[in-house]
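Written out below as structure tokens is the structure these notes cover.
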There are 2 protein chains.
Amino acid sequence: MKKLINDPADVVADALKGMEAAHADLLRVSHEDRVIFRKDAPRQGKVGLVSGGGSGHEPLHGGFVGLGMLDAACAGEVFTSPVPDQIMAATRGVDGGAGVLHIVKNYTGDVMNFEMAAEMAAAESGTEVRAVVIDDDVAVQDSLYTAGRRGVGLTVLLEKIVGAAAEAGQSLDEVESLAKRVNEQGRSMGLALTSCTVPAAGKPTFDLPDDEVEIGVGIHGEPGRSREPMAPASELAARLVEPVLEDLPGDGPVIAFVNGMGGTPLIELYIVYREVARILEGAGVTIARSLVGNYITSLEMAGCSVTLLRADEAMLGLWDAPVHTPGLRWGR
Amino acid sequence: MKKLINDPADVVADALKGMEAAHADLLRVSHEDRVIFRKDAPRQGKVGLVSGGGSGHEPLHGGFVGLGMLDAACAGEVFTSPVPDQIMAATRGVDGGAGVLHIVKNYTGDVMNFEMAAEMAAAESGTEVRAVVIDDDVAVQDSLYTAGRRGVGLTVLLEKIVGAAAEAGQSLDEVESLAKRVNEQGRSMGLALTSCTVPAAGKPTFDLPDDEVEIGVGIHGEPGRSREPMAPASELAARLVEPVLEDLPGDGPVIAFVNGMGGTPLIELYIVYREVARILEGAGVTIARSLVGNYITSLEMAGCSVTLLRADEAMLGLWDAPVHTPGLRWGR
């Protein structure tokens, strides 16, 4: 295993120090709690948005802290849920009196620890905490880490859209309701060409032959729907888009998101995007907005995922609103 | 070889179609010439900026076309110089009457073909074309593709800064002089943990044992200064920063850029950035601005590079100016 790290035990702590050094204009980091805060948190009167999860998916979530997106992100160990104390510290630190929304990917440990922290925060300070649990991955029901569907790529779109709503002064009720609507209207599926290696484990999470692809892989390398022979991008894109479309509610335009898993170069992601756009055109689906790049990764895994979100005018307006974070930045 | 591509012969053409589909608000693509144009090129009275080179380094260069950066980028085959006709078409297409600057990385084929295109453009339409040849890589003198030093990471910073100057209405003389000053004041060095595989070749460009690192690698996998045993990030960062600092002219603050080669996850790049920041602090060098991420890549190579640019106040102001491209975006 060759990685640009020091001690495998220090990966998360070292990376947080790097993020703080690189983005001191936007962020501050509580190293004790391993929470990345928006520099000006808490903002009085604004709903506080807290997300988090295992590390190894960068820029998610810490890279999405800033104006128009998250107020705080809790960094767990690599592929390991953050603990309730961390989430509690984040919740406390973003409470501006208008309540706090927890944005949680559907993994058993994450859901449990965010719930526990919400109860603690309510008991300690009366903070009103709501939660949205994201479960957009159509690949499998139940898996190694999850009861029900996993939470994957939609998280990026949801954090952007809901972040803009909170920034615009929407109430906790409104922000929560919007978050649930985004989750209902988005679906994702991914594939892997290679495994990834968790630093502390030191060996690949799974084995995948040189001529096979894992269709429906999870962001921690969890098994997907099937192993299939390697195929051209046009066929692989269809293997992702078709099940996503089948399960996607409603009609109308979509935000189309082609995400890299970390080890796949951008030139390939654009090739996949082109195939996704062709398939959607053939299916009569209009792409209103798009995003192509590495936004929710699985360490150095090679592969990609496709997320589609049926976005109404309100969501598109929130998507276009200014955002200023290390990982997504536009509009100011 | 597993890649998210269709026919290896179509990689560049397919990726350009994907870029066009994803960024139709910013770009238009001449598929015949394989040139990515800023949507509103040519802009009358503005110096036109043209760059380009082999593909496989995305988002460089096509991802840096747009407001405040390039007016056009020529996409060669993977790791292969664009041909004079492409560069000629790009030059013609951005000529707004104020002259054109070619931004060229120092590789023999690139330099030759940009020169030839400049002569053709002058002969055909009297367009005044100047050029800056970037040679920031301190690792080696002369190599497989280059006479003199190679052009690497500084290209990203130069295209941003010079792009802002052209956007602000600076003359061809001013823009050319600024570009040369940026090139004189910046230095880079990279390392590789793995090779990359050119799609048409189908096998890795070089072999690197599981416990070694190539120090001073080029962005096409050209050999560097030495092969060394794998080491912690703190040591590897020093192996890059020290030679860069030794060769860096002047004093004063720097823009510090930690670039990923494509296959290294962001969490590791932040760990490297932290080490770079520590070393610079120890050397008494102030970091005025920073950039961390995959901006000039080598397909799926794992590794990173460090670029330092001694930036005066004018350069910092231009760095902060608005930019709106697929790969870099801020300020509006």
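A few points about this structure:
- Of the residues making up region B:215-227, those that are more than 20 Å from the chain's Cα centre (by Cα) and buried (at least 16 other Cβ atoms within 10 Å of the Cβ) number 1.
- Within region B:177-192, the set of residues being in contact with a helix residue (DSSP H, G or I) (Cβ under 9 Å, 6 or more places away or on another chain) and not hydroxyl-bearing (Ser, Thr, Tyr) comprises B:Leu178, B:Ala179, B:Arg181, B:Val182, B:Asn183, B:Gln185, B:Gly186, B:Arg187, B:Met189, B:Gly190, B:Leu191.
- Exactly one residue out of A:Glu124, A:Glu20, A:Glu32, A:Glu58 is of a type outside the set (Gly, Ala, Ser), at pLDDT below 95 and assigned by TED's automatic domain parsing to the domain that holds A:Glu176: that is A:Glu124.
- The residues on offer are A:Val104, A:Val65, A:Val78, and the sole one that is touching a helix residue (DSSP H, G or I) at 6+ places or on another chain (Cβ under 7 Å), of a type outside the set (D, E, K, R) and surrounded by 24 or more Cβ atoms within 10 Å (Cβ to Cβ) is A:Val104.
- A:Val140 meets each of the listed conditions (1) open to solvent by less than 70 Å² (accessible area, probe 1.4 Å); (2) touching a Pro at 6+ places or on another chain (Cβ under 8 Å); (3) at pLDDT 95 or above apart from (3).
- For region A:257-271, a residue qualifies if it is within 7 Å of chain B (Cβ to nearest Cβ) and part of a loop (DSSP other than H, G, I, E, B), and the qualifying residues are A:Gly262, A:Gly263, A:Thr264, A:Pro265.
- Within the set A:Ala231, A:Ala237, the sole residue that is outside any helix (DSSP H, G or I), farther than 18 Å from B:Leu299 by Cα and more than 8 Å from chain B (Cβ to nearest Cβ) turns out to be A:Ala231.
- Checking each residue in region B:210-227 for being within 12 Å of chain A (Cβ to nearest Cβ) and either at pLDDT 95 or above or touching a Phe, Trp or Tyr at 6+ places or on another chain (Cβ under 7 Å) (or both) picks out B:Asp211, B:Glu212, B:Val213, B:Glu214.
- Strands (runs of 3 or more DSSP E) fully within region B:1-55 counting 3 or more residues that are facing another protein chain (nearest Cβ under 9 Å), of a type outside the set (Asp, Glu) and surrounded by 24 or more Cβ atoms within 10 Å (Cβ to Cβ): none
- Looking across region A:281-306, the residues that are over 19 Å from B:Pro326 (Cα atoms) and either more than 10 Å from chain B (Cβ to nearest Cβ) or assigned to a strand (DSSP E or B) (or both) come down to A:Gly282, A:Ala283, A:Gly284, A:Val285, A:Thr286, A:Gly303, A:Ser305.
- Given (1) closer than 22 Å to B:Gly109 by Cβ; (2) open to solvent by 10 Å² or more (accessible area, probe 1.4 Å), number of the condition B:Val156 does not satisfy: (2)
- Residue tally, condition more than 8 Å from every other protein chain (Cβ to nearest Cβ) and open to solvent by 50 Å² or more (accessible area, probe 1.4 Å), over region A:313-332: 4
- Of all residues in region B:82-97, those that are open to solvent by 30 Å² or more (accessible area, probe 1.4 Å) and assigned to a loop (DSSP other than H, G, I, E, B) total 3.
- Only residues that are touching a residue at least 60 places away in the same chain (Cβ under 8 Å) and acidic (Asp, Glu) were counted across region A:118-143, and they come to 2.
- Residue count for region A:112-137, restricted to those that are surrounded by 21 or more Cβ atoms within 10 Å (Cβ to Cβ), out of contact with any helix residue (DSSP H, G or I) (no Cβ under 8 Å at 6 or more places or on another chain) and closer than 25 Å to A:Gln170 by Cα: 0
- Yes/no for B:Gly252 being within 12 Å of chain A (Cβ to nearest Cβ) and either part of a loop (DSSP other than H, G, I, E, B) or farther than 18 Å from B:Asp136 by Cβ (or both): no
- Verdict on A:Asp173 being buried (at least 19 other Cβ atoms within 10 Å of the Cβ) and modelled with pLDDT of 95 or more: no
- Yes/no for B:Leu178 being over 25 Å from B:Arg28 (Cβ atoms), at pLDDT 95 or above and surrounded by 24 or more Cβ atoms within 10 Å (Cβ to Cβ): no
- Just so you know, in region A:68-120 the residues that are among the hydroxyl-bearing types (Ser, Thr, Tyr) and under 20 Å from A:His57 (Cβ atoms) include one that is farthest from the other protein chains (Cβ to nearest Cβ), and it is A:Thr108.
- All of A:Pro204, A:Pro243 fail the test of being more than 23 Å from A:Lys160 (Cα to Cα), at pLDDT 95 or above and open to solvent by 20 Å² or more (accessible area, probe 1.4 Å), apart from A:Pro204.
The values are calculated or read from the model by the stated rules, or taken from the named source; none is laboratory data. These numbers come from a predicted model, not from an experiment. Here the Cβ is made from the backbone with ideal geometry for all residues, glycine too, and neighbour counts use every protein chain on show. The protein model used for the area step is the full one, side chains on, heavy atoms only, and it has no ligands, DNA or RNA in it. Shrake-Rupley method; radii C 1.70, N 1.55, O 1.52, S 1.80 Å.
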